[in-house]
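The values are calculated or read from the model by the stated rules, or taken from the named source; none is laboratory data. Being a predicted model, the structure only gives us computed values, none of them experimental. Methodologically, a virtual Cβ is constructed for each residue, glycine included, from the backbone with ideal geometry; neighbour enumeration extends over all protein chains shown. Side chains included, ligands, DNA and RNA excluded: accessible areas come from the protein's heavy atoms. Shrake-Rupley method; radii C 1.70, N 1.55, O 1.52, S 1.80 Å.
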There are 2 protein chains.
Amino acid sequence: MVEKVIAKWNCSGRVVEGPTNPMVTPLLTDLYQFTMAYAYWKANKHQERAVFDLYFRKNPFGGEYTVFAGLEECIRLIANFKFTEDEISFIREILPGSCEDGFFDYLRGLDCSEVEVYAIAEGSVVFPKVPLLRIEGPIAVAQLLETPLVNLVNFASLVATNAARHRFVAGKSKQLLEFGLRRAQGPDGGISASKYCYLGGFDATSRKVIWTVLSMLLAVVRHINLYLPTYAFFFHSNVAAGKLFGIPLRGTHSHAFVSSYMSPDEIIDKSLQSADGSSSCEDFVILVQTWINKFQLSNSLRGIFGETNQSELAAFTSYALAFPISFLALVDTYDVMRSGIPNFCAVALALNDLGYKAVGIRLDSGDLAYLSCEARKFFSAVEKEFGVPGFGKTGITASNDLNEETLDALNKQGHEVDSYGIGTYLVTCYAQAALGCVFKLVEINNQPRIKLSEDVSKVSIPCKKRSYRLYGREGYPLVDIMTGGNEPSPKVGERILCRHPFNESKRAYVVPQKVEELLKCYWPGSSDEPREDLPPLKDIRDRCIKQLERMRPDHMRRLNPTPYKVSVSAKLYDFIHFLWLNEAPVGELQ
Amino acid sequence: MVEKVIAKWNCSGRVVEGPTNPMVTPLLTDLYQFTMAYAYWKANKHQERAVFDLYFRKNPFGGEYTVFAGLEECIRLIANFKFTEDEISFIREILPGSCEDGFFDYLRGLDCSEVEVYAIAEGSVVFPKVPLLRIEGPIAVAQLLETPLVNLVNFASLVATNAARHRFVAGKSKQLLEFGLRRAQGPDGGISASKYCYLGGFDATSRKVIWTVLSMLLAVVRHINLYLPTYAFFFHSNVAAGKLFGIPLRGTHSHAFVSSYMSPDEIIDKSLQSADGSSSCEDFVILVQTWINKFQLSNSLRGIFGETNQSELAAFTSYALAFPISFLALVDTYDVMRSGIPNFCAVALALNDLGYKAVGIRLDSGDLAYLSCEARKFFSAVEKEFGVPGFGKTGITASNDLNEETLDALNKQGHEVDSYGIGTYLVTCYAQAALGCVFKLVEINNQPRIKLSEDVSKVSIPCKKRSYRLYGREGYPLVDIMTGGNEPSPKVGERILCRHPFNESKRAYVVPQKVEELLKCYWPGSSDEPREDLPPLKDIRDRCIKQLERMRPDHMRRLNPTPYKVSVSAKLYDFIHFLWLNEAPVGELQ
């Protein structure tokens, strides 16, 4: 019998649920976190109060901004950070036999009740060097948190940023669907990608948003005999999510579905009731064929195609019989213009005769700009010739290896695509597969610490800091500034000197029109600090979209964006350089 | 109460365990697999016998080979493919209300007992277009398997190939450690990366191989109140794995550990027993200081450094007190040559006085080639001057953003690194974040099917096929050939024409010296075919290493490798092109 202890940390009357992925436990870490914890304990140093900053050094994808995501999962881990007896036995087995028993007793009692976590709000636009999370607590505990926290923030922020960048290129009016499960880096890569792509501005109608979240839930439910209250939240949030997002069911199909049919003769049950239930068509196959014949006699359509592919026609007809209210056809199995589009239109118009409205087509290969325009022309010609109002606006989805570049190229060429399905390049962050988040000690026992490096960009900024975003007259954020913990905060209307942390010649005076403190308390530990709530995903997404819109456009453009300025106060600048000189050994030239 | 049904498919007296990641369930799929399944069912077509090939189109990383991995997880999914009542309720909720009840009854009874899976052995070297898996069974079931199977093979094969490529550049004698958990694409990205990097030739001593696998196990155990027999295998295989791989505990530490110390005065308990327990050193701190003093008086070492960093010295001393048998120090927090190396040596020699042998150092920044050579010189000088046999061979591990290119550059410059820790570039497959595996229908009801495309590389090769690897006189594999299912197999010593599937001018006669059939039965369904065993990971890794060694070197080189030939029989070639002409509509120029 394994005991599951949940730290009932209960600020604002709420227990924080465990991590979404049940594999995220205190053991999902590097071995050296345990050897260090032992060494701290052995030196009786484990309770020393340390401050760590979690931050990244460079914006991804050649851009000048990043979307911060993963915070809620971090807090869930922290709230439930507790070793089971089984886990402790395993750690004991792995560490050398000489490790003393007292250490395992210490692990047994260990949780995050003495840890304080300050963070920028999830979904915020963030910049290099500015701490996303500041973890303060006993050094051994904070150190154990390093690997899982970095893991949880890294990919989440990377894929959310990738989604935001794709949204930026596609434009606000297009529907963006995440299609990447099969190409994701493992099952969980697919699951978190769905969540964080939504956060970064994708539409909730992704067919996978719902399935992956459900699959998570069900995986858990399948493997648990007692329905643990820990999961109640997922259960509700997911079903609720489906309703909240108002996901229209877009039943579509693959190429295999099309080629699994040989001819319309295969279809046995050919009857279809009209949408209002008032009548029934006995032979829908013939009704479809009638439309094909009409096209062949039509002035405007004649000549575009000869014989359409019969297996494709059979597949479309059969699919429409199964899903008359949500007919979306993949039209490129044989030939888009000479077969797929006319076959789709024949089935769509037969459905229209019975009061159904087809959803549209999906293009998955070829010249998407050209084909979407040709398809639109065909739809418009059909609308005009056969008097079917709105048919010209039939939906066009495109989905073949799309990424920022291909979306941009489509825009430049002109196209008629309404909706994009983006897979591989989105979920694997193909353009840059990792964000280099780091977790650095900045203070211990109230002593600021610095990590030097021959590479200046890798030198850490010491001290327990505060961070502010300063806004200019036009309402844009101008600069982020970090100060020592005890410095007075910047004030609206008061001139403040912002210095580059490492380049002495780069500095500027700013008179902020608005000052926003970035780090808020998300886990107060045993302090009395009020705690920020963890908002629902939808609110995080809204924050993200709003913040992206509020940025000065030159920071956001794809080509040569202007770097957003990140600075330190004059006092912190001086202190950094004092400490640097103090710690670096003086060389001897020989 | 949720029921967990395990298909007790029991060939060779063994139940196949469920997928390693409990999130891999029949619901980890795209919605359209369910809409298609419904459409098949509605058209009474769901039981039609279909054959699908799972293959990729292009080798990753600009290379000419791929390592196939993920098969065992696929078979685990298939063996346990069964919907629970909860899952069925969810599917019902998501599909339109008009879907008939009979479909859900059908899902309730659905499993993979009528599915046959043929596959290439896991760990094999494989090539584009040749099926890695051939799935034969009722079309609705086979279709439901598409997304999870592609997901399970894609990243596994990609990261195993990446590991093999890193091993190729590093050389056989180096130790390769996988360090990437914190940068992986989510928790599971890290877990599967550990497994498949080992498969691809990394060493078992990765600190994460053990922790991640354990964490998986424990995640499951933590969340399950009844200890399910399904997981017994993991339990044993993982503990066994630790023993089998003979993992030496390499307790190391991070930069934060070093900078958490201020000076050796902090160390309270300074005593250390000798390795053989015969004596005890009362003040290890003083013993270390004695060595620092000796260095400063030494002829060969004097001048390399002045004052070493005291917080670093304190951290090393403290760590050695905790782990005297496995002292490995990170030496680049302040300055490698002027502080880290002398500090390490002082602690290592103090340990040596007490009969302990230090493991070595880790370099995590700077010019690794230069620093490793300088460190080696220092170690050798210490060996000579102080008469410590073997000290010159002290281990040097390097670990800063390494990838194929940097390993290659290190080799060209000359270096003294014994062991590499590779993280981000390895586990995220940074150079190419996805392998484009596809799952294509090649036959239904014994009728071959083809998927056309304007891009020839995307045309599928129809028919239920057999595949062979033909070996030449020098023992190298020469060509893979696919034939129709009923063609006689190629014979040793008999000339056979191998044709490029799509380019009529590319063809060659081959007289094979050895013929190896590639597809073996891993899941016979209800057929009487004998079933291949799923070998332990260690054997898969051995196969991989052996197969990589057996390849002709020009296929394996990093720069402009020669493509390995993939062909079809003359008969299959003719058939492909007959079918192609048959399916493609004839255009009309206007």
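Assorted remarks:
- Selection status of B:ALA164, more than 9 Å from every other protein chain (Cβ to nearest Cβ) and farther than 30 Å from B:GLU416 by Cβ: no
- Restricted to region B:293-319, and to residues there that are open to solvent by 10 Å² or more (accessible area, probe 1.4 Å) and touching a residue at least 40 places away in the same chain (Cβ under 8 Å), the residue that is nearest to B:LEU349 (Cα to Cα) is B:LYS294.
- Residue in region A:470-479 that is touching a Ser or Thr at 6+ places or on another chain (Cβ under 9 Å) and open to solvent by 30 Å² or more (accessible area, probe 1.4 Å) present: no
- Each residue in region B:320-354 was checked for being in a helix (DSSP H, G or I) and open to solvent by less than 10 Å² (accessible area, probe 1.4 Å), and 16 of them qualify.
- Odd one out for B:GLU87, checked against (1) of a type in the set (Asp, Glu); (2) open to solvent by 10 Å² or more (accessible area, probe 1.4 Å); (3) in a helix (DSSP H, G or I): (2)
- Residues in region B:94-107 that are at the interface with chain A (Cβ under 8 Å from one of its Cβ atoms) and assigned to a helix (DSSP H, G or I): B:ILE94 alone.
- Count of residues meeting criterion [crowded, with 18+ Cβ neighbours inside 10 Å and of a type in the set (Lys, Arg)] in region B:544-584: 1
- Given (1) open to solvent by less than 10 Å² (accessible area, probe 1.4 Å); (2) under 17 Å from A:GLU374 (Cα atoms), index of the condition A:PHE284 fails: (2)
- Scanning region A:444-461 for residues that are more than 9 Å from every other protein chain (Cβ to nearest Cβ) and touching a residue at least 60 places away in the same chain (Cβ under 8 Å), we see that the one that is nearest to A:ASN582 (Cα to Cα) is A:PRO448.
- Look at region B:490-510: where a residue is in contact (Cβ under 8 Å) with a residue 60 or more places away in the chain and in a loop (DSSP other than H, G, I, E, B) and a partner is open to solvent by 90 Å² or more (accessible area, probe 1.4 Å) and not hydrophobic (A, V, I, L, M, F, W, C), sitting 6+ places away or on another chain with Cβ atoms under 7 Å, you get B:HIS500/B:LYS506; B:HIS500/B:ARG507.
- The residue of region B:412-426 that is nearest to the other protein chains (Cβ to nearest Cβ), among those that are open to solvent by less than 30 Å² (accessible area, probe 1.4 Å) and assigned to a helix (DSSP H, G or I), is B:THR424.
Condition check ((1) within 30 Å of A:SER113 (Cβ to Cβ); (2) loosely packed, with under 14 Cβ neighbours inside 10 Å; (3) among the acidic types (Asp, Glu)) across all residues:
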residue: A:THR428; (1), (2), (3): no, no, no
residue: A:ALA431; (1), (2), (3): no, no, no
residue: A:LEU441; (1), (2), (3): yes, no, no
residue: A:ARG449; (1), (2), (3): yes, no, no
residue: A:ARG499; (1), (2), (3): no, no, no
residue: A:TYR522; (1), (2), (3): yes, no, no
residue: A:GLY525; (1), (2), (3): yes, no, no
residue: A:GLU532; (1), (2), (3): yes, no, yes
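- B:ASP269 meets each of the listed conditions (1) buried (at least 20 other Cβ atoms within 10 Å of the Cβ); (2) out of contact with any Phe, Trp or Tyr (no Cβ under 6 Å at 6 or more places or on another chain); (3) more than 7 Å from chain A (Cβ to nearest Cβ) apart from (1).
- Residue check, A:GLU385 free of Cβ contacts under 8 Å to residues at least 60 places away in the same chain and in the same structural domain as A:VAL331 (by TED's automatic domain parsing): no
- Subset of region B:285-312 [within 12 Å of chain A (Cβ to nearest Cβ), among the hydrophobic types (A, V, I, L, M, F, W, C) and assigned to a helix (DSSP H, G or I)]: B:VAL285
- Looking only at region B:536-588, residues that are outside any helix (DSSP H, G or I) and either closer than 25 Å to B:ILE450 by Cα or touching a His at 6+ places or on another chain (Cβ under 8 Å) (or both) come to 14 in all.
- Filtered residues of region B:346-377 (kept if among the hydrophobic types (A, V, I, L, M, F, W, C), out of contact with any strand residue (DSSP E or B) (no Cβ under 9 Å at 6 or more places or on another chain) and closer than 23 Å to B:SER318 by Cα): B:ALA346, B:LEU349
- Filter pass, A:VAL388 being more than 35 Å from the chain's Cα centre (by Cα), at pLDDT 95 or above and not in a helix (DSSP H, G or I): yes
- A:GLU48 charged (D, E, K, R), within 12 Å of another protein chain (Cβ to nearest Cβ) and closer than 24 Å to B:LEU321 by Cβ: yes
- Qualifying residue in region B:361-379 (condition: of a type outside the set (A, V, I, L, M, F, W, C) and closer than 27 Å to B:SER271 by Cα): yes
- Some residue of region A:464-487 being part of a helix (DSSP H, G or I) and not hydroxyl-bearing (Ser, Thr, Tyr): no
- A:VAL511 vs. criteria away from chain B (no Cβ under 14 Å) and in contact with a strand residue (DSSP E or B) (Cβ under 7 Å, 6 or more places away or on another chain): no
- Filtered residues of region B:413-443 (kept if under 30 Å from A:TYR261 (Cα atoms) and over 23 Å from the mean Cα position of the chain (by Cα)): B:LYS440, B:LEU441, B:VAL442, B:GLU443
- Restricting A:LEU572, A:LEU581, A:LEU519, A:LEU559 to those that are free of Cβ contacts under 8 Å to residues at least 40 places away in the same chain and closer than 30 Å to B:MET262 by Cβ reduces the list to A:LEU581.
- Selected residue (only one of B:PHE127, B:PHE81, B:PHE103 is in contact with a Cys (Cβ under 9 Å, 6 or more places away or on another chain) and aromatic (Phe, Trp, Tyr)): B:PHE81
- Note on region B:248-266: among residues that are aliphatic (A, V, I, L, M) and in contact (Cβ under 8 Å) with a residue 40 or more places away in the chain, the one that is most open to solvent (accessible area, probe 1.4 Å) is B:MET262.
- Candidate set: region B:451-463, residues that are among the aliphatic types (A, V, I, L, M) and in a loop (DSSP other than H, G, I, E, B); chosen: the one surrounded by the fewest Cβ atoms within 10 Å (Cβ to Cβ): B:VAL459
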